[in-house]
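Enquirer: Structure incoming, see below.
The values are calculated or read from the model by the stated rules, or taken from the named source; none is laboratory data. Here the structure is a predicted model, which is why all the values come from computation and not from measurement. Here Cβ is always computed from backbone atoms with ideal geometry, including for glycine, and neighbour counts include all displayed protein chains. When the accessible area is computed, the model is the full protein with side chains, heavy atoms only, and any ligands, DNA or RNA have been set aside. Shrake-Rupley method; radii C 1.70, N 1.55, O 1.52, S 1.80 Å.
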Amino acid sequence: MRSASHIPLIFAPIGHAVCNLVPLTLFGLMLGGPLHAQTWPIGLVAGELRPALKITPQLREKPPEGPGNEVPTFVFGEMITGRTNLDTTIEGDAELRRGKTSLRADRVEYFQPDDRVKTRGNVRISNAGNRFWGPELEVKIDTFEGTFTQPSYRFLSGGNGQAAQIVFLDDQHFVAKQATYTTCERDNEGSWMPAWQMYGERFSFDFDKEIGVATGATLRFKDVPILHWPGSVSFSLSDKRKSGVMPPTIAVDTVSGLSVTTPYYFDIAPNRDATLTPTYATNRGVNLAGQFRYLEPTYRGILHTSYLPGDQLRNQDRWSLGYQHTGVFNTGVSRIGNVGVGLNLNRVSDNNYWRDFSGFGGTSVVGTGLGGTSLTPRLLNSDLNLTWAQGFLTTGFRVQKWQTLQDPASIIVPPYDRLPQITARYARSNVALGGVNGVDWSVDGDFTSFSAASSLTNQANAQRAYTRAQISRPFIWPGAFFTPKLQLHATGYQFDSALTSVGGAGAMSATRFVPTFSLDAGLQFERDLGFFGRSFIQTLEPRAFYVRTPYRNQNFLPIYDSGATGFNFATVFTENAFVGNDRISDANLLTLGVTSRLVDDANGAELIRLGVAQRVRFEDQLVTLSPANPPVTDRLSDVLLGASVKWTREWSVDASTQYNPKLGESESNTLSARYSPSNYRVISASFRRQRLLSEQFDIGWQWPINDLWGDKGEDLGAGRGQGGGRWYSVGRLNYSMLDKKLIDSVVGFEYDGCCWISRLVLQRSQNSITTANTKIMFQLEFVGFSRIGNNPLTALRANIPKYQFLREQSAPPSRFTNYD
């Protein structure tokens, strides 16, 4: 049987599929029998037979299998000869296709009884996106069993290499002998030498588990051996997790000295994993850290632990514990339903832990170590929260305990523990009450038992019951609103020992009732503007907020959880000058403010916002945090000024000032600006000043150094860098102008070599007024394979605003990515 040159076939374009078409019989060549009828989907359009294609989001990644879904075999060639049901030979630009397998060669011999193909000369075979090419191949098409002599290969996941021989076990498993592996792309096959590659006596590739195992392997970088595994080593063929030893990291800092960390990762289940992280430091000894994570439909959590026996610097055992769990618990009682649960535990062995372990062996108090929610490294919070809600009622139960890490040079007064705290809230909105519609009302309750183990608090422990009832009736019209509100604060204290404060000496209990009335009103005006060829809407939004709270003497009451709110745009339109429930400020004041916004008429984006606000006080504020604080007597408060400009996506500027008209100068200033014209180009700077207290300048950046000599790179998108051979400068500097020194700094360089990235970062952290810890981090990343060295990425992401990784995980490739 002979066939003419190249039989044409009809294929759907990539990204489309053929479906819902009228069958039509055409004649074509199918292996395994004589010419016979084959059914092809063809559409009937205006009396003509045309392929009718229907758009679908993507081609099917896995073709249907089983009876009725057998796929035909198509062949092309300059000459085709064969015997029916026995064999077929294709010569001259030969090509054979079946399903997801495509085979090309100078000569193809197909033996039908055992479904075996023998090829030679410029052989290329592609299976589900994995491609192989070389001089000689023998393989069974359906089972994909066979051998390939001296092939090169490229996987769908991005890895590639060469081998003396490949043995195909099936389409997902094969063995490469005397082979190499790298993720570097081939440019010129005649002279190409990858920047890095792994050499091995034997590679076993498992695409079901997406794991490769190399035996007798050596990793070479720039043709210099840097790692050798005399036994076997496994590695991932994708971003999929797998158990095994992770690359060691080497770190140098001024406290722990030289440290070497070799983590072991356990892929327990799709929703559970663990990491064991032993670290040896020359100045300390051996630290053993661990992490366990779990994720379920109704709860999740993470556990961090570390133990360092006999720390050589402190001559004591050191340990840390961090555990966070959140979720929902089903009580099984229909009237109760679900209860929310939150658990947060953070504990360390001693007061010096925060100073000694700022990132040692995965045991950092802040960051990847304990991972808690403490406000500073010296205040470690542990609490248990239970919440329940039904209808308009929400309740909560909390137990909270603090660990305070004391420094003799800077003593901290420990916060009070809550043992326990019980809260409840019932709230209704827009309801009818007493014949008045549109009423909002709520009742909040809080019972807390405050306890402190430290004598530094110098206050009696107590149980405090607090209730706040409030009612308001908002009136809202187009361009205006008016909201009167009435609040009643009722508080009762029961002290464990008699008070000693002036005005309450000897008291074992106390009560307080404080009413508050407020009026909040505002207007909104709009007008159309046009300039620079664009249309805008400008708003003018004046606002007035009046508060009247009568004076109640509270100076004799202890302070358990209260503090000043500060004076800023977030608090200027609130009733109370304090947070917490131990102080309710007396007030007879009016806050006046106005905001103007410029909005892009085309998309509603806010381009400019300007605001100003000031308080007018009609009476002195007598309630203070302590008797030592003088009353607030100024009739006119400081003036708040704020501005925000986002004229383009590249630029953003924010500024605020608290101006004291009596002194004729500002009490505080903040100014921040950010410029980010594209991916991997960002500069942010900020200036913060508190009069007589602090004055700091902060700048952070990520920018390609190649820009200096005109090499702007390529816009490949986030997570893909900007092309190979590019240098990036990264850093953040925090400078105290009053102290005339750097407080914290992170400075470094990154180099993108396409299939490898190097990073060198210097981090300096201030531990106290006189001491600092300096750390050098160097990392070599083999893209898609592994990282070696001390990982600086966590420090860069935490310190540099809008920092972007040069390589980030993306969607897995389709089998049509390398379609042949």
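Enquirer: Calculate how large, on average over all directions, the projected area of the Cα convex hull of the chain is; give the answer in nm² to one decimal.
Expert: Result: 49.3 nm².
Enquirer: Going by a ≥ b ≥ c, the root eigenvalues of the Cα gyration tensor, does the stretch 221-275 fall in the rounded group (a/c under 1.5), the prolate group (a/b larger than b/c) or the oblate group? Before the final figure, lay out the partial values.
Expert: Numbers: a/c = 2.50, a/b = 1.25, b/c = 2.00.
It comes out oblate by the Cα gyration axes.
Enquirer: Something else about it: Can you tell me the equivalent ellipsoid semi-axes for the stretch 538-591? Use √(5λ) from the Cα gyration tensor, largest first, whole Å. Display every interim value, and only then the final one.
Expert: Values: eigenvalues 142, 38, 7 Å².
After scaling each eigenvalue by five and taking roots: 27, 14, 6 Å.
Enquirer: Hey, another quick one. Filter Lys177/Lys222; Lys485/Lys662; Lys401/Lys775; Lys140/Lys177; Lys662/Lys740; Lys209/Lys712 down to the pairs with a C-alpha to C-alpha distance above 31 Å, please.
Expert: Over 31 Å Cα-Cα: Lys485/Lys662; Lys401/Lys775; Lys209/Lys712.
Enquirer: Here's a follow-up. Could you work out the per residue convex hull volume over the alpha carbons of the stretch 96-185, in cubic angstrom?
Expert: So the per-residue Cα hull volume is 79 Å³.
Enquirer: Give a residue-ordered list of calculated ³J(HN,Hα) values for the stretch 387-404 (Karplus: 6.51 cos²θ - 1.76 cosθ + 1.60, θ = phi - 60°; whole Hz; x for Gly, Pro).
Expert: Karplus values, whole Hz, x for Gly and Pro: 10, 8, 9, 7, x, 9, 10, 10, 9, x, 10, 9, 10, 9, 9, 10, 10, 9.
Enquirer: Okay, moving on. Answer with one residue from Pro225, Gly212, Met193: the one whose Cα lies farthest towards the positive end of the charge dipole of the stretch 127-247, charges on Cβ with Lys, Arg +1 and Asp, Glu -1.
Expert: Pro225
Enquirer: Within the chain, what's the longest stretch lacking trypsin sites (Lys or Arg not before Pro) that sit in DSSP loops with no more than 12 other Cβ atoms inside 10 Å? Mind dumping the intermediate values first?
Expert: Working: sites that count: Arg2, Arg60, Arg186, Lys222, Lys240, Arg335, Arg635, Arg649, Lys662, Lys740.
Counting only loop sites that pass the neighbour cut-off, the longest clear stretch is 336-634.
Enquirer: Right, another one. Using the Cα gyration tensor of the stretch 535-663, with a ≥ b ≥ c the square roots of its eigenvalues, what is the shape: rounded (a/c below 1.5), prolate (a/b larger than b/c) or oblate (neither)?
Expert: prolate
Enquirer: For the stretch 584-682, build the charge dipole from Cβ charges (+1 Lys, Arg; -1 Asp, Glu) around the Cα centre, then report which of Pro627, Ser676, Leu640 sits farthest towards its positive end.
Expert: Of the options given, the answer is Ser676.
Enquirer: Sticking with the crude label model, points 7 Å out along Cα→Cβ, report the distance from Asp620 to Met737 in nm, one decimal please.
Expert: 3.6 nm
Enquirer: Long-range amide H contacts for Gly503: which residues qualify at under 5 Å (H placed 1.01 Å from N, peptide plane, sequence gap of 5 or more or a different chain)?
Expert: Those qualifying (amide H under 5 Å, at least 5 residues apart or on another chain) number zero.
Enquirer: Determine the calculated [θ] at 222 nm for the chain from helices alone, applying -39500 (n - 2.57) to every DSSP H run no shorter than 4 residues and normalising by the residue count; nearest 500 deg cm²/dmol. All intermediate terms of the calculation are to be shown ahead of the outcome.
Expert: Values: 2 runs with 11 residues, N = 820.
Roughly -500 deg cm²/dmol at 222 nm, from the helical runs in the chain.
Enquirer: I've got another one for you. Taking a 1.4 Å probe, which of Glu201, Glu296 shows the most accessible area, and what order do the others take after it?
Expert: Values: Glu201 110, Glu296 45 Å².
Largest to smallest exposure gives the sequence Glu201, Glu296.
Enquirer: I want the local charge near Glu541. Using Cβ-Cβ distances under 12 Å, sum +1 for each Lys or Arg and -1 for each Asp or Glu among the other residues.
Expert: My count for the surroundings of Glu541 gives +2.
Enquirer: Let me know the charge dipole size of the stretch 544-659 about its Cα centre in debye, to the nearest 20, where only the beta-carbon of Lys, Arg (+1) and Asp, Glu (-1) is charged. Walk me through the intermediate numbers first.
Expert: Numbers: 10 positive and 13 negative charges, 31 e Å.
The calculation lands at about 140 debye.
Enquirer: Taking every pair of Cα atoms in the stretch 446-567, average 1/r, invert it to obtain the Kirkwood radius, and report Rg/Rh to two decimals.
Expert: Working: Rg = 22.8 Å, Rh = 18.5 Å.
Ratio value, two decimals: 1.23.
Enquirer: Using alpha carbons only, how many angstrom separate the centre of the stretch 684-709 from the centre of the stretch 584-605?
Expert: After rounding, the separation between the Cα centres reads 29 Å.
Enquirer: For Trp647, what accessible area in Å² do you get when you roll a 1.4 Å probe over the heavy atoms of the protein chains, rounding to the nearest 10?
Expert: 80 Å²
Enquirer: Could you sort Val252, Val123 by their accessible area in this structure, using a 1.4 Å probe and putting the largest first?
Expert: Val252, Val123
Enquirer: Let me check something: with ligands and nucleic acids excluded, how do Tyr353, Tyr426, Tyr323 order by accessible area (1.4 Å probe), largest to smallest?
Expert: If we order Tyr353, Tyr426, Tyr323 from most to least accessible, we get Tyr426, Tyr323, Tyr353.
Enquirer: Counting Lys and Arg as +1 and Asp and Glu as -1, what is the net charge of the other residues whose Cβ lies under 15 Å from the Cβ of Gln524?
Expert: Net charge in that neighbourhood comes out at -1.
Enquirer: Right, something else. Rounded, prolate or oblate, given the Cα gyration tensor of the stretch 173-301, with a/c below 1.5 counting as rounded?
Expert: oblate
Enquirer: Starting from the 7 Å offset along Cα-to-Cβ, what nm value, one decimal, do you get for the label separation of Asn271 and Leu384?
Expert: Output for this residue pair reads 2.4 nm.
Enquirer: Determine the per residue accessible area of the chain with all protein chains present and a 1.4 angstrom probe, expressed in square angstrom.
Expert: 51 Å²
Enquirer: Moving to a separate point now. Would you please name the GluC sites (Glu not before Pro) within the stretch 641-748 that are DSSP coil residues with at most 14 other C-beta atoms within 10 Å of their C-beta? Could you put the intermediate results ahead of the total?
Expert: Details: sites: Glu650, Glu665, Glu667, Glu695, Glu714; in loops: Glu650, Glu714.
Listed in order of number, the matching sites are Glu650, Glu714.
Enquirer: Would you work out which of Pro135, Gln524, Asn283 lies farthest towards the positive end of the dipole of the chain? Charges go on Cβ: Lys and Arg +1, Asp and Glu -1.
Expert: About the Cα centre, the residue reaching furthest to the positive side is Gln524.
Enquirer: Taking Cα pairs under 8 Å and at least six residues apart, what relative contact order does the chain come out at, in percent?
Expert: After rounding, I find 5 percent.
Enquirer: Alpha carbon centre of the stretch 98-161 versus the stretch 524-567: separation in Å?
Expert: Computed from Cα coordinates, the inter-centre distance equals 72 Å.
Enquirer: Ratio of Rg to Rh for the stretch 106-264, alpha carbon only, Kirkwood? Kindly include the intermediate steps, with their values, before the conclusion.
Expert: Working: Rg = 18.3 Å, Rh = 17.3 Å.
Computed over Cα atoms, the ratio is 1.06.
Enquirer: In whole Å, what is the distance between the alpha-carbon centres of the stretch 445-479 and the stretch 396-411?
Expert: Between the Cα centres of the stretch 445-479 and the stretch 396-411 lies a distance of 20 Å.
Enquirer: When the dipole is taken about the Cα centre of the chain, and only Lys, Arg (+1) and Asp, Glu (-1) are charged at their Cβ, what size is it in debye, to the nearest 20?
Expert: Roughly 1240 debye for the chain.
Enquirer: How big is the charge dipole of the stretch 620-668 about its Cα centre, in debye rounded to the nearest 20, if each Lys and Arg gets +1 on its Cβ and each Asp and Glu gets -1 on its Cβ? It would help to have the intermediate numbers written out before the result.
Expert: Working: 4 positive and 7 negative charges, 30 e Å.
The dipole magnitude comes to about 140 debye.
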